[in-house]
Every structure is written in C-alpha cells, then in structure tokens.
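> Please read through the structure below; I'll follow up with questions.
Each reported figure results from applying straightforward, stated rules to the coordinates on display, with no laboratory input. Bear in mind that the values here come from a model prediction, so they are computed numbers and not experimental data. Cβ placement follows ideal geometry from the backbone for every residue including glycine, while neighbour counts extend to all protein chains displayed.
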Amino acid sequence: MRKSILSLLILFSFFKTSFGQELVMITDTINKFQIGVPVGWRYFGPQVNSVAFQANRQKVDENDKPRENYNINIMHHKETDLNEEYKNFISAISKREGFRIIDQKDKIINGRKYKYLIETHKNIKSQEDMTDCIIFTNNNGEILQLTMATISENFDKYSLLFDRIAESLKY
C-alpha cells in the first residue's frame, strides 16, 4: 500500500511539473488584458512599438537551452472586422520561409471570440523550424495577438502549457 501511494505521489508531481505548471496572473492596466505567466518564467513590459508583453522560459540547468516564449502584440488598425483582419494577418505571415498552417479555428476564451492558429516556419536568424500557436482578436480597431512559440521538436511538450496560457487570457 505504501509503495502504491508513493508511486502515485511521484507520478502526480511529474504530471504537475510537466503539464500543470502553475500560472501567476499579470494585469496590464494600460492595454486592458490579463494573462498567466508560468512560475519561473521571466516577463517584460513593452519592448518595441507593438509588443505590449513578453515572457520567456528560463534555464533549468546549464545544459538547458530555452526556446519557449510568448508575447502579446497590440496593434491599431482602421479595419474592425475580425475575419478581414485575420485574412490580412495570414497573408502577411505566409511569406515566412517554410510557412505552413497546421490547424486553425475559431475559439471562445473568457467570452471573447478569437481566431486560433498553429503554424510552422523557419526562424529567420537560427534557421530552426519553429511552431507557433497564435490567438488573434480585435476590439474596435485594436488588434490583440498572442503568439506562443518554440522550436518544432519541443512543441508537443509545451502545447498543453500554451493552451493553459491562452485560456488564462482576459481581454
């Protein structure tokens, strides 16, 4: 009996570490969004014109090479139709080397309609294959784009965490 309970506790801690990483909620009062950041990740406020928020996974040890990150872009456009703006967005990113859509659909997160996209492309600097999960919406000409990215070989490992981060988004 003790061995069974110990095995369950070890298994539970593995799943919690791998799939149930705790999120800390961060609120941006200027851009009016809230999002979860995994414990241990480093996050930043505005970096460049449209990047309102960025979070990066940190090294666990010296052999670790973190490639996982996400950012929120806020852009102002005259176009207010979500479908039209999304079509323009796809047209723009489809020019990336190796661009391919893996999945796309509409998704409701915390009562708001989003366009949900998983795509792959070549990283322009490292030439590594990247996979991004992008959540896209608009609000009266203000576009919010959440992009969660990693190298393609790590995407399956982080896709559940990326889903949790996306589900935490309030805009």
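> Do we have K87 as under 22 Å from N31 (Cα atoms), surrounded by fewer than 16 Cβ atoms within 10 Å (Cβ to Cβ) and of a type outside the set (D, E) here?
Judged against the criteria, K87 is not a match.
> Here's something else I'd like to know. Residues of the stretch 64-82 being surrounded by fewer than 17 Cβ atoms within 10 Å (Cβ to Cβ), over 16 Å from the mean Cα position of the chain (by Cα) and either in contact (Cβ under 8 Å) with a residue 60 or more places away in the chain or closer than 27 Å to R164 by Cβ (or both), which ones?
Across the stretch 64-82, the qualifying residues are D64, K65, M75, H76, H77, K78, E79, T80.
> In the stretch 27-43, is there at least one residue being surrounded by fewer than 13 Cβ atoms within 10 Å (Cβ to Cβ), among the charged types (D, E, K, R) and assigned to a strand (DSSP E or B)?
Looking through the stretch 27-43, at least one residue is surrounded by fewer than 13 Cβ atoms within 10 Å (Cβ to Cβ), among the charged types (D, E, K, R) and assigned to a strand (DSSP E or B).
> Are there strands (runs of 3 or more DSSP E) fully within the stretch 51-153 with at least 1 residues that are over 21 Å from I35 (Cβ atoms)? List them.
Answer list for the stretch 51-153: 100-109, 112-122, 129-139, 142-151.
> Within the stretch 83-119, track down each residue that is within 18 Å of the chain's Cα centre (by Cα) and without any contact (Cβ under 8 Å) to a residue 12 or more places away in the chain.
Answer for the stretch 83-119, where residues must be within 18 Å of the chain's Cα centre (by Cα) and without any contact (Cβ under 8 Å) to a residue 12 or more places away in the chain: K105, D106, I108.
> In addition: What are the residues in the stretch 138-171 that are over 19 Å from I102 (Cα atoms) and of a type in the set (V, I, T), if any?
I143, I165
> Which of the residues belonging to the stretch 123-171 are of a type in the set (K, R) and under 18 Å from T27 (Cβ atoms)?
Passing the criteria: R164, K170.
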